[in-house]
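A short worksheet on the structure shown next.
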Amino acid sequence: MRILVEVTHPAHVHFFRNAIEEFKKRGHTVAVTARQKDITVQLLENYNIPYTLLSKMGVGRFGLARELTVRDIRLWNFCRRFKPDILTGISAIFAAHVGFVRRKPVVIWDDTEHAGAHKLADPFASVICTPDCYKKSLGKKQKRYAGCHELAYLHPKRFTPDIEIVRSFGINPEEKYCVIRFVSWQAHHDVGQRGIADEEKLEFIKGLSNYAKPYITSEAALPVELEQYLLPIPAHLIHHIMAFSSLYVGEGATMASESAVLGVPSVYINTLKLGYIDMLEGYGLVKQTTDTKKAFERSVSWFVDPKAKEKCLAAREKLLFEKIDVTEYIVDTIEQFG
């Protein structure tokens, strides 16, 4: 098969990278089309995934509208040359449009109920694959599976944490440390949402430092006072750091889910509600709140519980028993169209 994978966000690189490798092992030809957004291109290069850059993220309503038009045209021209048998991507607005016009199947993956792409992409899709914890019904095209996006790359079949990577960046895995995530609030599904108030961030971090050494990863620029806490590591190695941490706390749902499936206690602070976060909370892996004070209290409750990591590792084993290797599911789903 000739498979086109559209990658328009850093998280998409992680989701598809093992499937791309598996496609190639099975003799398929894969083309990746990319979008310049955050560290998307950097991650593709870190993982040695060949790609064709078609656009950069538009800014504002008119910028996004212009990008939609330009990228649709460029992807159409790319597909005229590549001649894909199938197109796939997360949300996959552009792939959905081009695949529909070219009369080729389009498989969309989605785990964000509030994503703005639904109206622009879903009507043109052949199949829309969602985790079984997804809260919305998308009609006859929806296909649910027992998993979450993070199990495409953090399932133990796909990822083994390396403690030497942690040490190589001057982080002592023998002492307690925590990972904190701040988001930029620029994504469409983040509009109108909130997490930790800017004026409370410094006090929040200082409070956590009484229990564990804090390391921050942030989409947005940080106040000067917080720069000393920035995590000094390339983005593609972050999961090794997360795996040996004592706690994740932050506004990012993806990193909350990543930490949870690694068996790390997690606190998610965001007004955005998501099915996969609720699911992980049900396993006892995530505590979520919309209040900064409560987020701090729940973080401390993890720190002072001597069996916190033990409980989360046990919950992780239950999760892995009940869920699937999502990369295998991606490959099998695409091959059904062959």
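For the range 10-58, the candidate set comprises residues that are without any contact (Cβ under 8 Å) to a residue 60 or more places away in the chain, hydrophobic (A, V, I, L, M, F, W, C) and within 23 Å of Tyr329 (Cα to Cα); within that set, the residue that is surrounded by the fewest Cβ atoms within 10 Å (Cβ to Cβ) is Ile49. All told, Ala92 falls short of being in contact with a His (Cβ under 6 Å, 6 or more places away or on another chain) and within 23 Å of Thr327 (Cβ to Cβ). Among the residues making up the range 93-139, those that are more than 19 Å from the chain's Cα centre (by Cα) and among the β-branched types (Val, Ile, Thr) are Val98, Val101, Val106, Val127.
If you filter the range 109-153 down to residues that are over 20 Å from Gly282 (Cα atoms) and among the polar types (S, T, N, Q), you find that the one that is modelled with the lowest pLDDT is Ser137. Within the range 45-59, at least one residue is of a type in the set (D, E, K, R) and part of a helix (DSSP H, G or I). Only one of the numbered conditions (1) touching a strand residue (DSSP E or B) at 6+ places or on another chain (Cβ under 7 Å); (2) of a type in the set (Asp, Glu); (3) over 18 Å from Ala11 (Cβ atoms) is violated by Glu251, and that is (3). A single member of Lys140, Lys119 is assigned to a loop (DSSP other than H, G, I, E, B), exposed (fewer than 14 other Cβ atoms within 10 Å of the Cβ), among the basic types (Lys, Arg) and not assigned by TED's automatic domain parsing to the domain that holds Leu262, and it is Lys140. Taking the criterion of being of a type outside the set (Val, Ile, Thr), farther than 19 Å from Phe303 by Cα and touching a residue at least 60 places away in the same chain (Cβ under 8 Å), the residues of the range 202-249 that qualify are Glu219, Pro232, Pro234, Ala235, His236, Leu237, His239, His240.
The values are calculated or read from the model by the stated rules, or taken from the named source; none is laboratory data. Source: prediction; values computed, not measured. Reconstructed Cβ throughout: ideal geometry from the backbone, glycine too, with neighbour counts over all protein chains shown.
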